[in-house]
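Engineer: Let me begin by handing over the structure; questions about it come next.
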């Protein structure tokens, strides 16, 4: 189970104890203000999207009503959909359905947190209904989160309560105060090769049986809270940076400085600064902040001298992807990419000037990069055809069995903080 930051950790992270915003009520109990009609499966197939949404709006009033402060759907018609798109949130909703009921909650326009009849009489045990509601049902077979951790449904006629936390692709679900999904990646149903969208609407699904909804609330999470939830506790990690000076670091120390608890590359300086311990397989956690047009990199299995992009296993790009001057780069030069070898997914950085959270996992020839909760790179670099390398330049360091972790400066004041590394033991 992933642990949350303690209050002490939050203080260390931000400099002051955070105060959470209050949740916002999404349903006023009287009408559907703030909601519209949209079955995304219908809409995505429509030749005329506007015409489809207009027709769905007409159908909506035939199948959705309000009774006793509850949203009531008769099992048909388009989905109730928030007018506003949401990213990192906590979301609460209560629902009550009937025997053989089947429904779900779409977050960021993507299916779905499953709701269904968990009894044998419901007829869907072959699909996993015996395990209960709350799983990320559209995840791949066997993937974390697809099946709920425990059966937490209440009997028919009783209200069930969901609490959902989404940070990036990472998802936690509590059903009736029981944890049923623990930080699993929510897969992108619409395109399995990409992460789930960064933002999108919330849909309450219709699926053939009456369902009622009430007490619908949402709280948008600040970047600091999102980072805290993603990072959890640093159990088993070595704190590589003490926040005060460059003790334990080697290489281009004269070209970096410590400012406000962060390692910063000096303007117009560069070179590779590395933590003075060699690692084979490891996980590195850190936060970084890029200035406009900022460019740096993470040195992976760096031998201690030379250009880590080639003599190291790789250089993972740290870049302001939004900068105009970078708009025509090779796709393998954008943030999170294994420089010149494997391209990362783009569009998951926070705005320039904000702190981002990143985890890098290196095992053998594989490397995974998770940025703000989104897996943007997951590649086996040994399987990249050398003939396809950018500029056909060789990467002799790719075969390094171990090396240093560090920062590859390129003249911009990119900052790093809360750097922690965990050595991974060989799998038996």
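Engineer: Does residue 262 satisfy the condition of being more than 30 Å from residue 36 (Cα to Cα) and either buried (at least 17 other Cβ atoms within 10 Å of the Cβ) or at pLDDT below 95 (or both)?
Structural biologist: For residue 262, the condition - more than 30 Å from residue 36 (Cα to Cα) and either buried (at least 17 other Cβ atoms within 10 Å of the Cβ) or at pLDDT below 95 (or both) - is met.
Engineer: On the basis of being assigned by TED's automatic domain parsing to the domain that holds residue 87 and touching a strand residue (DSSP E or B) at 6+ places or on another chain (Cβ under 9 Å), does residue 142 make the cut?
Structural biologist: In short, no.
Engineer: So, residue 287, is that one without any contact (Cβ under 8 Å) to a residue 12 or more places away in the chain and either surrounded by fewer than 24 Cβ atoms within 10 Å (Cβ to Cβ) or on the phi > 0 side of the Ramachandran plot (or both) or not?
Structural biologist: no
Engineer: Can you report the number of residues in the range 85-100 which are farther than 18 Å from residue 165 by Cβ and either surrounded by fewer than 21 Cβ atoms within 10 Å (Cβ to Cβ) or not assigned by TED's automatic domain parsing to the domain that holds residue 185 (or both)?
Structural biologist: Within the range 85-100, residues that are farther than 18 Å from residue 165 by Cβ and either surrounded by fewer than 21 Cβ atoms within 10 Å (Cβ to Cβ) or not assigned by TED's automatic domain parsing to the domain that holds residue 185 (or both) number 4.
Engineer: Hey, another quick one. So which residues in the range 274-296 are over 27 Å from residue 425 (Cβ atoms), touching a helix residue (DSSP H, G or I) at 6+ places or on another chain (Cβ under 9 Å) and in a strand (DSSP E or B)?
Structural biologist: 295
Engineer: If you take the residues in the range 305-315 that are in contact with a helix residue (DSSP H, G or I) (Cβ under 8 Å, 6 or more places away or on another chain) and closer than 20 Å to residue 378 by Cα, which one is surrounded by the most Cβ atoms within 10 Å (Cβ to Cβ)?
Structural biologist: 312
Engineer: Further, regarding this structure: For the range 224-235, how many residues are assigned to a loop (DSSP other than H, G, I, E, B) and either crowded, with 22+ Cβ neighbours inside 10 Å or at pLDDT 95 or above (or both)?
Structural biologist: Counting residues in the range 224-235 that are assigned to a loop (DSSP other than H, G, I, E, B) and either crowded, with 22+ Cβ neighbours inside 10 Å or at pLDDT 95 or above (or both) gives 0.
Engineer: Quick check on the range 244-258: of everything there that is in contact with a strand residue (DSSP E or B) (Cβ under 7 Å, 6 or more places away or on another chain) and surrounded by fewer than 19 Cβ atoms within 10 Å (Cβ to Cβ), which residue is nearest to residue 296 (Cα to Cα)?
Structural biologist: Once the filter is applied, the top-ranked residue is 255.
Engineer: Pick out the one residue from 262, 240 that is touching a strand residue (DSSP E or B) at 6+ places or on another chain (Cβ under 9 Å) and closer than 18 Å to residue 312 by Cβ.
Structural biologist: Every option except 240 fails the conditions.
Engineer: Does the range 248-273 hold any residues that are within 27 Å of residue 426 (Cα to Cα) and in a loop (DSSP other than H, G, I, E, B), and which are they?
Structural biologist: Of everything in the range 248-273, just one residue is within 27 Å of residue 426 (Cα to Cα) and in a loop (DSSP other than H, G, I, E, B), namely 248.
The values are calculated or read from the model by the stated rules, or taken from the named source; none is laboratory data. These figures come from a predicted structure and were not determined experimentally. Quick reminder, even Gly has a Cβ in these numbers, built from the backbone with ideal geometry, and neighbours come from all protein chains shown.
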